[in-house]
């Protein structure tokens, strides 16, 4: 048996309903991709407080209004009951004049009733009596106007035919006063809510305003600004600590970026220096070979000059290798070295140019200096750098003293000059690399000294200028 699905006819209203549901589903799916913005801290702080203030004000207004209404109605009821008991006690003759006077004093209405509960004709308020359905103690409705009624039996000597007395007071004026008081209390509550909300706003602003300033500062930092300080605004201690931490972070970030830029510049200079060194090495090698060939053709007494040139060529080759190997560990070749001999060779090499510059180069070498296990070429390079530094400090001539000395635990090689001097702060900046391109030779000397276990430092100068000393330890296994 084959069954076929029968098409279902959809009415016009059903089609409209299905279309509306489809649109609602489409809108809901679309809005899921656009989440509502999260409320800020100020709004999240304010809304609960304002809600609490409004609920507290509403409850206070309702409780005070109810308390006032209950209190006033209780006082009116007590007044009615006391008046009825006083009149029913038989202490006063219940004449129409007395009843009228009592009604004026208490703002009440007084009725005399017979044994059947019917009012007597001597009652002063017969005109309003028919509006009361029945006279009994309590609160009754009289034509839409609430009345407090107190009924008491009469005591001795009642008027003719009178058995009970009824006293009524309208609550209309009481409830009107309660409504007026409730309106006043409502206005006071609204003002209190506004005042408390304003105070809460000021309190929240004292927290959120510094935070907003810090957020703007963080955004500026993220955008690349570095020369800025934390906003100086009063705030809680925690926010002040956060501002200090953020300012410290900016300072550290600025210093780190400056150091990174400096390292990048130095890396660029190192790459350029390596290229220059590569270009210098080839002609230097050719010059060395030519000097060696020239030496073979010279007589013995002239070969010393060529040997000095070859030594300088080897030193330049070491300098080129040092530039190429910048940043790599130094390859030292230590051997027993006579520091005095090294100082004498270097000073002899500098003697002609020192005389040309009118500089007196003096040597004061300690003959008892022991041999040191050093790389002679690297040590000679350090000494050359120190002499070049002293020479450059005396453009108009002067005095340089090259000295060696030893004590119980170290050997020292010092270079003093009569120039303008080298302050300790400037010397430290040169060694740390914060003096720019100035003092490159001193920085290289300090690195070479550190590689050989020595130190480069300043000392008081007897010539009035700079005094730099290389100190080699004698207690190390390198000293012999």
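The values are calculated or read from the model by the stated rules, or taken from the named source; none is laboratory data. Since we're looking at a predicted model, the values are computed, not measured. Note that each Cβ is placed from the backbone with ideal geometry, even for glycine, and that neighbours are counted across all protein chains shown.
Some values worked out for this structure:
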| item | result |
| --- | --- |
| One residue from 69, 103 being modelled with pLDDT of 80 or more and surrounded by 13 or more Cβ atoms within 10 Å (Cβ to Cβ) | 69 |
| Where a residue in the range 193-208 is at negative phi and not assigned by TED's automatic domain parsing to the domain that holds residue 243 and its partner, wherever it lies, is loosely packed, with under 14 Cβ neighbours inside 10 Å and in a helix (DSSP H, G or I), with Cβ under 8 Å and at least six apart | 204/41; 207/41; 208/41 |
| Enumeration of residues in the range 467-480 that are surrounded by 14 or more Cβ atoms within 10 Å (Cβ to Cβ) and at pLDDT below 90 | 473, 474, 476, 478, 479 |
| All positions within the range 69-88 that are closer than 17 Å to residue 172 by Cβ and touching a residue at least 24 places away in the same chain (Cβ under 8 Å) | 69, 72, 73, 76, 77, 79, 80 |
| Selected residue [touching a helix residue (DSSP H, G or I) at 6+ places or on another chain (Cβ under 9 Å), farther than 13 Å from residue 148 by Cα and at pLDDT below 80] from 58, 86, 94 | 94 |
| Looking only at the range 118-135, and only at residues there that are closer than 23 Å to residue 171 by Cα and out of contact with any strand residue (DSSP E or B) (no Cβ under 6 Å at 6 or more places or on another chain), the one that is modelled with the highest pLDDT | 124 |
| Cβ pairs under 9 Å, 6+ apart, first in the range 391-408 and more than 18 Å from residue 351 (Cβ to Cβ) and in the same structural domain as residue 365 (by TED's automatic domain parsing), second at pLDDT 90 or above and loosely packed, with under 11 Cβ neighbours inside 10 Å | 396/358 |
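Rundown of residues vs (1) assigned to a helix (DSSP H, G or I); (2) surrounded by 12 or more Cβ atoms within 10 Å (Cβ to Cβ); (3) modelled with pLDDT of 80 or more, yes/no style:
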residue	(1), (2), (3)
177	yes, yes, yes
185	yes, yes, yes
201	yes, yes, yes
204	yes, yes, no
208	yes, yes, no
264	yes, no, yes
